[in-house]
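The structure appears below as structure tokens.
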Amino acid sequence: MTEKDIVLEVKDLHTYFFNRRGVTKAVDGVSFSVREGETLGIVGESGCGKTMTALSLLRLIPKPAARIVSGEILLDGEDLVSLSDKDMRQVRGRKISMILQDPQTSLNPVFTIGNQLIEALGAQGKNSRKEMLTKAMEALRNVRVAAPERRLDDYPHQMSGGMKQRVIGAIAVSASPKIIIADEPTTALDVTIQLQYLRLLKDIQAETGLAIIFITHDFGIVARMCDRVAVMYAGRIVEQADVRDLFNKPHHPYTQALMDSVPKMDRTDRLRAIDGQPPFLWDLPEGCRFAPRCINAREVCTKSYPEITMHENNHSVACFMSQPEWDN
Ligand SMILES: Nc1ncnc2c1ncn2[C@@H]1O[C@H](COP(=O)(O)OP(=O)(O)OP(=O)(O)O)[C@@H](O)[C@H]1O
Ligand code: SF4
Ligand SMILES: [Mg+2]
């Protein structure tokens, strides 16, 4: 297989909150890239910065409390961090799109599905309403909604959770974006519907070459959906690898602890708690952020933050144990 083009490259991204408590380092030096047709999973405990990373990519972080302090977000080579708000509005939805964490709040309850689709599609050109309705039906058909002509006049409350999720998916891909970010899109759905929906996203990806960033707590979903995985802890990515490498040989003690916290036979369960709590992001320890919970921690771990070490197969780890000096 030839290597596909990189669609999105994030370099050393820092997004901080500034409030009375001080500085909260929600995203603190995050780097990754996603290729055409590839799915990158982002996993990690609650509060580690997954959603803030996603919102930073779309430049939708809460203002004025949060700010992208530094870093680059290169989408097809264009740095989104330096775009004006006006130019960013052209990028959002068209080139980069997001399925939000809570499907119940993503659709507007007072507008019909047809009108919401038309609004999403409307940004694309100056077609008549009839043409737009045809496009809206096509968008619903693409996400496998049966008899779409009968759905256009429905309001969100008239649809099941799974159907609403499909409509949200249709809106997100309506403008043929290069990349879509799905933030826990399936939490409110039952397992069968979840699997159908995930399959649908993969089908759309196979047809269009869409790149996907998939944010989840669920290793089962990671195994099904993702080509690569980034494990986040306290605002940073501590390990990144192809999905098979990560499952076969997790290097970072945090990844190992996460994996040990789900059943061994099939990792289809959601993450269970591992001992201890992550640090507050406004009061971070000086050294490795996982040190207070790490069974392997040594003195060096509390002194400075471990740099990222690259292993074979593009497997990166931020842990002193992965460095040659560790055994000395
Ligand atoms: N509105 C806010 N004001 C201040 N700090 C915030 C706000 N939203 C998030 N944060 C900070 O940013 C950190 C990262 O939040 P984020 O929502 O990205 O976590 P997450 O990894 O998506 O968690 P979850 O799995 O629960 O969705 C939080 O731990 C919190 O400290
Ligand atoms: S750097 Fe040290 S404390 Fe941090 S994960 Fe590695 S061994 Fe544990
Ligand atoms: Mg989140």
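Remark: the Gln158-Phe280 segment gains 39.7 nm on full extension, using 0.36 nm per residue and subtracting the alpha carbon distance. Backbone amide hydrogens, once placed in the peptide plane, bring Tyr233 within less than 5 Å of Val238, excluding anything fewer than 5 places away on its chain. Computed from backbone phi, the HN-Hα couplings of the stretch 135-146 come to 5, 4, 5, 4, 4, 5, 5, 4, 9, 6, 8, 6 Hz, rounded to whole numbers (Karplus: 6.51 cos²θ - 1.76 cosθ + 1.60, θ = phi - 60°; Gly and Pro given as x). With contacts taken as Cα pairs under 8 Å at a separation of at least 6 residues, the chain carries a relative contact order of 20 percent.
Note the full-extension length gain between Trp326 and Asp76 as 0.36 nm times their separation in residues minus their Cα-Cα distance, in nm to one decimal. Working shown, then result.
Details: separation 250, 0.36 × 250 = 90.00 nm, distance 3.88 nm.
Extra length available between Trp326 and Asp76 comes to 86.1 nm.
Treat the count of other C-beta atoms within 10 Å as a stand-in for reagent exposure and order Thr112, Thr24 from fewest to most.
Numbers: Thr112 17, Thr24 21.
Taking fewest neighbouring Cβ atoms as first place, the list is Thr112, Thr24.
Here each label is just a point 7 Å from Cα along the line to Cβ, and for Glu119 and Val300 those points are 5.6 nm apart. Close amide H partners of Asp154, meaning residues 5 or more places away or on another chain with modelled amide H under 5 Å apart, are Ile113, Gly114. With θ taken as phi - 60° and the Karplus curve 6.51 cos²θ - 1.76 cosθ + 1.60 applied, the whole-hertz 3J(HN,Hα) list for the stretch 73-79 is 10, 8, 9, 6, x, 9, 7 Hz, x standing for glycine and proline. Dividing the mean sequence gap of close Cα pairs (under 8 Å, 6+ apart) by how many residues the stretch 109-173 holds gives a relative contact order of 47 percent. Ordering Arg94, Arg20 by the number of other Cβ atoms within 10 Å of each residue's own Cβ, fewest first, gives Arg20, Arg94.
Taking the number of other C-beta atoms within 10 Å as the exposure measure, put Leu201, Leu121 in order starting with the fewest.
Numbers: Leu201 24, Leu121 21.
The fewest-first ordering by Cβ neighbours comes to Leu121, Leu201.
Working note: Karplus 6.51/-1.76/1.60 with θ = phi - 60° gives the stretch 11-24 the couplings 10, 6, 7, 10, 10, 10, 9, 10, 8, 4, 6, x, 9, 9 Hz, where Gly and Pro are set to x.
Read the figures in this text as sums done on the coordinates, not as results from a lab. Given the structure is predicted, the values throughout are model-derived calculations rather than measurements. Reconstructed Cβ throughout: ideal geometry from the backbone, glycine too, with neighbour counts over all protein chains shown.
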